[in-house]
1. Just to check I understand the Karplus step: with θ = phi - 60° and J = 6.51 cos²θ - 1.76 cosθ + 1.60, what whole-Hz values come out for the stretch 299-313, glycine and proline as x?
2. Between the helical axis of 233-242 and the dominant principal axis of the chain, each derived from Cα atoms, what acute angle in degrees is found, rounded to the nearest 10?
3. Using the alpha-carbon atoms, what tilt in degrees (0 to 90, nearest 10) does helix 348-360 show relative to the longest principal axis of the chain?
4. Taking H as built 1.01 Å from N, whose amide H comes closer than 5 Å to the amide H of residue 291, not counting residues under 5 places away?
5. Given 25 °C and 0.890 mPa s, compute D for the chain with the Stokes-Einstein relation, Rh being the Kirkwood radius over Cα pairs; round to the nearest whole µm²/s.
6. If you fit an axis through the alpha-carbon atoms of helix 203-216 and take the longest principal axis of the Cα set of the chain, what angle between them do you get, 0 to 90°, nearest 10?
7. Just the Cα atoms of the stretch 168-306: what Rg and Dmax do they give in Å?
8. Tell me, what is the FRET efficiency for residue 105 and residue 246 to the nearest 0.05, using R0 = 56 angstrom and their Cβ-Cβ distance as r?
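Each reported figure results from applying straightforward, stated rules to the coordinates on display, with no laboratory input. Treat the numbers as computed from the prediction; the structure is a model and nothing was measured. Cβ placement follows ideal geometry from the backbone for every residue including glycine, while neighbour counts extend to all protein chains displayed.
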Amino acid sequence: MSSTALKICHYITTISRGGAENQLLLLVSNQIKSGNQVTIVPLKGELELCEDFNKIGAKVDLNFVGRKFLVQILKMSTIKNKNYDIHHAHLPQAELLLAFSPIKNYIITRHFGGQFYPTSNPFLSKILSRIASARARKVIAISESVRKLLIELREVKKHKKIAVVPYGFNAVSFVGDHSNQMSSRSKRFTIGTLARLSVEKDLPTLIKAIKILQSRNNKQDYQLQIFGEGELRSKIEHLIQDLELAESVLLMGKTNDTARELSKFSLFVLPSKFEGFGLVLLEAMSLNVPIIASNISAAKEVLGTDGAGVFFEPGNADDLAEKILNLESYLDQSFAERQNDRLKLFDDKQMENRIRQAYEM
């Protein structure tokens, strides 16, 4: 394959706002700027990013949205290899769609830091993953952590297929006008996080840490704001009530302006048990928000270990509370400079170039 312009088709389970979906939007934007023609095929869910894709010049094919999987497979017979130079799948349903289609030598990207199907039996997840990846030419892992997990769980049979291409980020575009708010954060100590309300994000540990902080330091007014939705909302609401934290812990729902909300935080916390990458860490660093993250491999890949953030023992609310309470002793005044250095490692154009190299291998 030459370096000429490509016709690329991205298949993705949903184009609702989320880490994988937002990253695809950034990738497609750069692919179009490089002169490629790009089509997006979403399979289900809300079409929150449809207008965004249209604005950057991508075509969004809505003919598959909401149809039964068998019908989607049958419709794939109308899309031939000759229609596109590259077929690129993101997220499990899209991967399986290509696996059962006539398309050959497609590309898949693994965005998740857990097993292929998180809620299924591990053996079934491994079988489905191997089916999805068997005919793929290349499996792109979004971090070294994801690559190691794919090998450990044996979800990809041929390890040589796996190429690591970390997420890209454009700090200037993301921050926009919100840089003006960075020096005017509230006097209240606002701890924030942006996460799906799901098991792997381990929000209960963060909520319990707030309760511990209240018992240790009555002089400081702590407030926790959680942005996101998910299947555990009801359980989290009950935990907040049980701990009598209704005035201190707020479930804010989804936001369409992540930069605006991050710019208001005194501290960002990522309490996850695992992550595929941790894109929100780049977003927080672009606004020079102090960060505490669970000591997991993906977070360390993004933050490094030289002072851009502070790490706590995963699942340990006491350790997290202690790190928050004594943040200044763990995070020196040069943390913003170190965050800026880390951001340079995840340039969005470099990410697009590495994806292109994966296409050509």
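1. For the stretch 299-313, the Karplus-derived couplings read 5, 5, 4, 7, 7, x, 10, 10, x, 6, x, 10, 10, 10, 5 Hz, x marking Gly and Pro.
2. 10 degrees
3. 30 degrees
4. HN-HN under 5 Å from residue 291: 268, 310.
5. On the way: Rh = 21.4 Å.
Stokes-Einstein gives a translational diffusion coefficient of 115 µm²/s.
6. Tilt of helix 203-216: around 10 degrees.
7. In order Rg, Dmax, the Cα atoms of the stretch 168-306 give 14.7, 42 Å.
8. Working: r = 54 Å, r/R0 = 0.97.
Calculated value: 0.55.
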